[in-house]
Amino acid sequence: MKLSWLDIRSLGDARDAILQEALHHRVEAVVSDDPADLKDLPPTVTKVLFPQGKPLPEDFGDVSVVIVDPVRHGTTPAELAARHPDLEFGRFVEIIDAPTLEDACVSARTEKWSLLLFRDPTKIPLEIVIAAAARAEGSLITVAKDVEEAEIIFGVLEHGADGVMMAPGAVGDTAALKRAAQAEVPDLDLVELRVVDTAHVGMGERACVDTCTYFREDEGILVGSHSKGMILCVSETHPLPYMPTRPFRVNAGAVHSYTLGTDERTNYLSELKTGSKVTAVDIKGRTRLVTVGRVKIESRPLISIDAEAPDGRRVNLILQDDWHVRVLGPGGVVLNSTELKPGDTVLGYLPKEDRHVGYPIAEFCLEK
């Protein structure tokens, strides 16, 4: 979980409405330059004092964290912590050149909190700071100008900053920031499914999902004809005769099929397009979001695979009817779809909820 810090120092007339939205969406911290702005906040939110360009107040009130700019405040977090042992202190660094970048790296390695502002739009300096802080115990909070930049910051070097501080421009921005901070998808409990039948079902359109990511050999995406049962389709990371490997691709199935996207939502393969997000899953159920670069939809012969879960539930997957299209079995065994037979075991996932426009919902829904 990434941290969302809401900067209220310059919100103006919209501040009260934005604060209510922030509390509703459970942001981790609210930041102000005046302790009085923070005193009435509930104890569920961290109260952060950041008097940028102002002197430190004599009384910190009931704030939890104080961010210090040593250049302007003439003191360090360590010196203040010695005088105020009940508070947490952090360092603010504005990165504008090589010396300030080194200051940020030192702060990342030594301080409880490091609040970083990068003047230039490149994310290379942030990559350097994240690398420098790889074994440190403190937290990196990076200033973002908007939600789009926050999403990038959360993903830098596959680790991202620990959190983002942002001043929302309007009501709705805080909710979007919180969604960006929660973009990681939960791991899944995969099950072993027993194949009970296969059938050639004629021609139809299938979708190859080409992503902007190299899949691992034990990784693919979950696909199924019904929202409450999916099979793990492997990417083209394993060698094949007559063609090179394409480790960014999953030959995923017929266009009507479901796959998992963001926020536990399903998407039809036909809906995916450049920029869409899909959930990559490995044989242990570990997940990550990957970005779709292209979807290739072409007419091909199709094969239908029916499998059964231990509790009797049926799962169906319709794939391109060709030997080189594969699914994964226990232990990462790669199974050619046209060679599957009753009794074989494949890996799958059984979502508990029915779906309405892709969102999980507790309602009656019969899929056949």
Given R₀ = 30 Å, what would the calculated FRET efficiency be for Lys39 paired with Asp146, taking r from the Cβ atoms and rounding to 0.05? 0.55
Using a/c under 1.5 as the rounded threshold, could you call the stretch 156-218 rounded, prolate or oblate? The axes a ≥ b ≥ c are square roots of the C-alpha gyration tensor eigenvalues, and prolate needs a/b larger than b/c, oblate otherwise. prolate
For a quick check of your reading of the filter: which GluC sites (Glu not before Pro) in the stretch 202-303 sit in a DSSP loop and have no more than 11 other Cβ atoms within 10 Å? none
Looking at the stretch 102-174, which GluC sites (Glu not before Pro) are DSSP coil and have at most 15 other C-beta atoms within 10 Å of their C-beta? Glu137
Given (i) 19.4; (ii) 21.7; (iii) 18.1 as possible values of mean projected area of the Cα convex hull in nm², the one from the coordinates is (ii)
What share of the DSSP beta bridges in the chain is antiparallel, in percent to the nearest 5? 65 percent
Selection from His256, Thr142, Gly61 lying farthest towards where the dipole of the chain points positive, charges on Cβ: His256
For Pro70, what charge total do you get from the other residues with a beta carbon under 13 Å from its beta carbon, if Lys and Arg give +1 and Asp and Glu give -1? -3
For the chain, averaging the sequence separation of alpha carbon pairs under 8 Å that lie six or more residues apart and dividing by its residue count, the contact order in percent is 15 percent
Net charge within 14 Å of Ala309 by Cβ-Cβ distance, Lys/Arg positive one each and Asp/Glu negative one each, not counting Ala309 itself? 0
Which angle from 0 to 90°, rounded to the nearest 10, does the C-alpha axis of helix 98-110 make with the longest principal axis of the chain? 80 degrees
So what are the ³J(HN,Hα) numbers for the stretch 213-224, from phi and the Karplus equation (6.51, -1.76, 1.60; θ = phi - 60°), rounded to whole Hz, Gly and Pro as x? 9, 7, 6, 7, 5, 9, 9, x, 10, 8, 9, x
On a 0 to 90° scale, report how tilted helix 15-24 is relative to the longest principal axis of the chain, with both axes built from alpha carbons and the result rounded to the nearest 10. 50 degrees
Measure up Lys47/Lys178; Lys2/Lys296; Lys54/Lys178; Lys2/Lys112; Lys228/Lys284; Lys54/Lys123 against 22 Å on the Cα-Cα distance and list the ones that go over. Lys2/Lys296; Lys54/Lys178; Lys54/Lys123
Measure out, as a whole number of angstrom, how far apart the alpha-carbon centroids of the stretch 88-140 and the stretch 1-42 sit. 23 Å
Using the Cα centre as the reference, give the magnitude of the dipole from point charges on the C-beta atoms of the stretch 127-262 (Lys, Arg: +1; Asp, Glu: -1; all else neutral), rounded to the nearest 20 debye. 320 debye
Could you give the distance between the Cα centres of the stretch 220-254 and the stretch 188-213, to the whole Å? 7 Å
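Once the piece of chain linking Thr110 and Thr75 is laid out straight, how much longer is it, given 0.36 nm per residue of separation minus the C-alpha distance between them?
11.0 nm
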For the chain, give the magnitude of the charge dipole about the Cα centre (Cβ charges: +1 Lys/Arg, -1 Asp/Glu; no others), in debye to the nearest 20. 900 debye
Neighbours of Asp33 by Cβ distance under 10 Å: Lys/Arg at +1, Asp/Glu at -1, summed charge -1
Could you order peptides 316-323, 339-346, 221-228 by the average number of other Cβ atoms within 10 Å of their residues, highest first? 221-228, 316-323, 339-346
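None of the figures in this text is laboratory data; all of them are computed from the coordinates on show. Source: prediction; values computed, not measured. Cβ coordinates were reconstructed from backbone atoms using ideal geometry, including for glycine residues, and neighbour counts include every protein chain displayed.
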